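One structure is given below, encoded as structure tokens.
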Amino acid sequence: MPPAHPPFARLIGQLLAAAALAWPLALPAQPAGFPSGAPMRPVPVVIGSPVLTDLVQRSLDDPRAALAHGRLQLAASLTAGDRGGQFWLRLALADALLQTDREAEAQAELAAAGEVVDSGPGAERQRLWLALYRQLVDSAPADMNAFRNRQAALREDARGQRDEGLLCSIDMVDAVVHVERDARDEAWRALETVERCAARLGDVGMQTYALGAMGLLAARVSAHLPPQAYFERAIEALGTQPARYKRAWLLDDLGWALVGRGQLVEARQRFEQTLALAVELGDVSGTMRGHEGLAEVLLRQKDGAAALMHARESLRLGGTEGMLYRPVTARTQVVEALVLLKGPELAQEVEILRALTARDASPRTGALVAKAAAHGYRALGRFDLAYGEMERYLELFQVEEKARRDSEAQRLQVLYESARQEAENSELRRAAEAAQHELLVRQERQRALLLVVVALLLALAVGFWYFTQALRRRRRLADLALRDELTGLPNRRAVLAFAHEQFLLAQRLRLPLSVALIDLDHFKQINDTHGHACGDRALQAFGMAAERILRGQDRIGRWGGEEWLLVMPGARADELTSVFERLRGSLAEQLIPGLPMPHRITFSMGVAERRDGSESPDALIAEADRQLYRAKALGRDTICGHAGEGNPATVVALGQAA
């Protein structure tokens, strides 16, 4: 069971402080990515920024020690009346407080920072950093459109300030939000951007965050992306710095990634390293993480006694700190360990666990509690209560799953609207450029002599006519090259190009895609009995029948002879059974001159659906061809198909027509 970690803001606030304090010294005279002709706005230098940079480095190693050191620095800054120093120190203190799970105090420091914003040249830059920190605190925004608008405004203002550190930090907040929303493709792109800009700017804290998050994401999305590689790169980036607190986080995350992969021995080693570093630092939250990780490994190894010891130690530490988010994980581990041990206090622990939902009513917490309680009640022989808890778990799981699907749908809608808006803007820009170009040409023509103007206009008219004729001929030839001469439908080249295009789109967006190869049954007998002209009319009738029943996004083309290739974006293999039946009905209604009615022309269909492991559209078509031969072997007038990985069975016979 994954741990109930605190919000991502507590993991990365320190990195923003590093960027805010270290980059004022590292900004080049002409930052990369800005046009050389633009005026360079001077970057204010914060007094005492080397001290602040030192505070951030201390936070990577020990946030509590950094917090104590920062308070001493703030007292000196207050005595000196240094408002700029107070601002950056309060941001750094807010970060250190987030690291030590004192969110209310961190909010108070941000409010105090807002009261000491400079009124001089550096005021705008301070305002932007303060706004970014407030965005970070709200790492799970309810209104994504409002969040995107705020981020866009921040990014635009940061470009105006020529603050590369701020731009990189804005990208990091984007990455955090995408990770929490489980928008994996957007999260991965944002994390890659953060890793590159942090490496370029020399910010080790942000770079290691991005690599660690990519490691966790790799562990979740694919068995072919080893998470260890990303965590090793993150630890390597820390170099010789002590950075014990940061190393403990990376090792803990790597441990959970390895647990998800079933690599329990390696995971146990990482959790033991996490625990040792946290104990050395006196970090209660890190110590609890180490105990919870070890408890999870031991539960999976069926060592209930050792798992119970670690889970109870985590609970004890959480009680000393007044934490709310960790007892859920630890309590579920206590119950699971007692289930293994058949301990006498199991009933009492189950009731204590169930009471936690009154403190945290989120679906995720409820699901974790319900699942563990169901296991406990089953071990106690109270099957009616176990059944009720399992029903509650399934209900909450479905709520979370629905929320995830809704979020994914909203994300795709936003991507679609963004792409559409960009296309419209691009078209408007092209139109404006064309209009400007035409205006310049017209002005230039007005300066020429009348005779030259007339000659140019005549030449232009002749050239335009010739070009138009050539363009029309080319379009006609291109259309002939992509159309089947007999049926007017796409030929093999055109439908294959469409299949390649849709395969790449479906692979990128993880959407379903099905293809089918269709062969008219006993077509040679039609040619031999009624003549080739009648056979041609039968092919034309089949093409018209297919066009009548297909959706707008579908494409069917003549593959060769009496074979056809059907490409259906967004369709699963089992949906083609109804397509097969509708196509049979449509073909049966077609009048074919030279053939009696009913003409009884039938066809066989082989279907294949894209899977995540599909290598190419050609392989998908080859699978459809194999399924077509199966259909023929089953007696023709039949559909057979190969379903995708999301369907209950890998290979299914989709049905045989009556």
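Here, each number is a calculation from the coordinates, and none is a lab measurement. The structure displayed is predicted, hence computed values, not measured ones. Please note: Cβ atoms are built from the backbone with ideal geometry, for glycine as well, and neighbour counts cover all protein chains shown.
Quick look at the values:
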item	result
Set of aspartates and glutamates with alpha-carbon distance to K246 below 17 Å, sequence-local pairs under 8 removed	D54, D61, D62, D95, D101, E195, D203, E232, E236, E272, E280, D283
At R0 = 30 Å, FRET efficiency that the Cβ-Cβ distance of Q241 and E266 yields, to 0.05	0.80
Pair D536, L450: separation of 7 Å Cα→Cβ label points (nm)	6.1 nm
Overall form of segment 468-587 per C-alpha gyration tensor (a/c, 1.5; a/b vs b/c)	oblate
Packing-based exposure ordering (other Cβ within 10 Å, fewest first) of W88, W465	W465, W88
Under 12 Å, Cβ to Cβ, from L225 - net charge with Lys/Arg +1 and Asp/Glu -1	+3
Contour minus Cα-Cα distance for F397 and A305 (0.36 nm per residue)	30.2 nm
Pair R382, L511: separation of 7 Å Cα→Cβ label points (nm)	5.0 nm
Cα gyration tensor category, rounded, prolate or oblate, for segment 492-656 with a/c compared to 1.5	prolate
Fully extended contour minus Cα-Cα distance, from M597 to S362, at 0.36 nm per residue	78.1 nm
Footprinting exposure proxy for D252, D185, D62 (fewest neighbouring C-beta atoms within 10 Å first)	D185, D62, D252
Per-residue Cβ neighbour rank within 10 angstrom, fewest leading, I621, I549, I639	I549, I621, I639
Modelled FRET efficiency - R0 22 Å, E103 with A75, Cβ distances, 0.05 increments	0.45
FRET efficiency for S578 and A434, using Cβ-Cβ distance with R0 set to 45 Å, rounded to 0.05	0.45
